[in-house]
Amino acid sequence: MKPVNKPHKDIVNHLPSVLIVGYGWVGQFLGSYFKEADYVDETNIVRQVKDDKKTTPQKRYNFAFICVPTPMLPSGRCDTSIVEAVVKKWAKKVDFFCLKSTVEIGTTDQLVKKYGIKACMSPDYLGETVGHSMNEPQRKIFIVLGGEPEITKEFARLWTLVTNSYTKIYQVSAKCAELCKLMENSFFATKVMFVNEFFDLAESEGIDFNVLREAWLADPRISRDHTYVFPHNRGFSGKCLPKDLNNLVYYYKNKKGPEAKLIEFILKYNAELRKNYHDQVPLLPSKKSNK
């Protein structure tokens, strides 16, 4: 059997202690980088990433990534109660927290103030579609870290240990990172609805949409992502887009200043397009409430 090439031990970086809280898609993706980390899921049993074996929790972890669900409440608001429960439980056992869960704008700063923790927010960009470009571990990626500079720099240093120097690391405020994630998913949802509308326009003219689509994409300024239209599965659904867009709309409806009117329209347009699909996830708020 041909021997497997391994890097010399002198150039392998020693990693600090890492805990991953929540071990779904995002948690497992992080585990592909931090193979010596521990993780804990809904069973509350701490296990090792490398072999899934139970292990005794360390007395203290240098870093913790929070990757737990933030479901949509009936009002459309983002439910961050599980994130807060994690912070409360581990606050005295972790040096630096990183929120990977999508949260309401301002959540990270509120948790820092309430629990006296050192934390930043880092959006995840995993997707549910086939062949999603972000779903495979890479050493050349981009990372957004939102928080106070003395905290984001610690996570920036951590990521340099498991990636290469082509990785782009952006250090911004916590609110900027939180809004950045909602902005990105709002853009993708808007693009989905744009191509869905042109699908109907093309059909009305007797034009094959995929012929139109390829001609349109000949312009290099337009990226190919989110340009498929599925005749029997129109619009968007899933775990992320409806929840994140409703999170954004709710937040700006309940504070002074501008509202996310375009995004609210996109949500309603999508719900109308999918009204006969019996979605398992809510596409719109079910009631007007602060809960």
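The values are calculated or read from the model by the stated rules, or taken from the named source; none is laboratory data. It should be emphasised that the depicted structure is a prediction, and the values quoted were computed from it without experimental measurement. Don't worry about glycine lacking a Cβ; one is built from the backbone with ideal geometry, like all the others, and counts go over all protein chains shown.
List of remarks:
- Any hit, region 167-175, residues being part of a loop (DSSP other than H, G, I, E, B) and without any contact (Cβ under 8 Å) to a residue 40 or more places away in the chain: yes
- For region 197-224, filtered to residues that are surrounded by 12 or more Cβ atoms within 10 Å (Cβ to Cβ) and charged (D, E, K, R), the residue that is farthest from R274 (Cα to Cα) is E214.
- Across region 258-271, a minimum of one residue is classified as part of a loop (DSSP other than H, G, I, E, B) and surrounded by fewer than 17 Cβ atoms within 10 Å (Cβ to Cβ).
- Against the criterion of being modelled with pLDDT of 95 or more, in a loop (DSSP other than H, G, I, E, B) and touching a helix residue (DSSP H, G or I) at 6+ places or on another chain (Cβ under 6 Å), S101 qualifies.
- Among the residues here, C67 qualifies as touching a residue at least 12 places away in the same chain (Cβ under 8 Å), closer than 17 Å to Y23 by Cα and surrounded by 21 or more Cβ atoms within 10 Å (Cβ to Cβ).
- Counting only strands (runs of 3 or more DSSP E) that sit completely within region 35-87, those holding 2 or more residues that are hydrophobic (A, V, I, L, M, F, W, C) and in contact with a helix residue (DSSP H, G or I) (Cβ under 6 Å, 6 or more places away or on another chain) correspond to 61-66.
- The single condition among (1) surrounded by 18 or more Cβ atoms within 10 Å (Cβ to Cβ); (2) at pLDDT 95 or above; (3) under 24 Å from N62 (Cβ atoms) that E148 does not satisfy is (1).
- The one condition in (1) more than 19 Å from the chain's Cα centre (by Cα); (2) among the acidic types (D, E); (3) outside any loop (DSSP other than H, G, I, E, B) that D244 fails to fulfil: (1)
- Region 144-203 - residue that is of a type in the set (K, R) and within 20 Å of the chain's Cα centre (by Cα) and, of those, farthest from R234 (Cα to Cα): K168
- Which listed residue, of G76, G127, is out of contact with any Asp or Glu (no Cβ under 6 Å at 6 or more places or on another chain), modelled with pLDDT under 95 and of a type in the set (G, A, S): G127
- Of the residues making up region 249-291, those that are of a type in the set (S, T, N, Q), closer than 21 Å to K191 by Cα and at pLDDT below 95 number 0.
- No other residue among K113, K92 is at pLDDT 95 or above, assigned to a helix (DSSP H, G or I), of a type outside the set (S, T, N, Q) and surrounded by fewer than 22 Cβ atoms within 10 Å (Cβ to Cβ) apart from K113.
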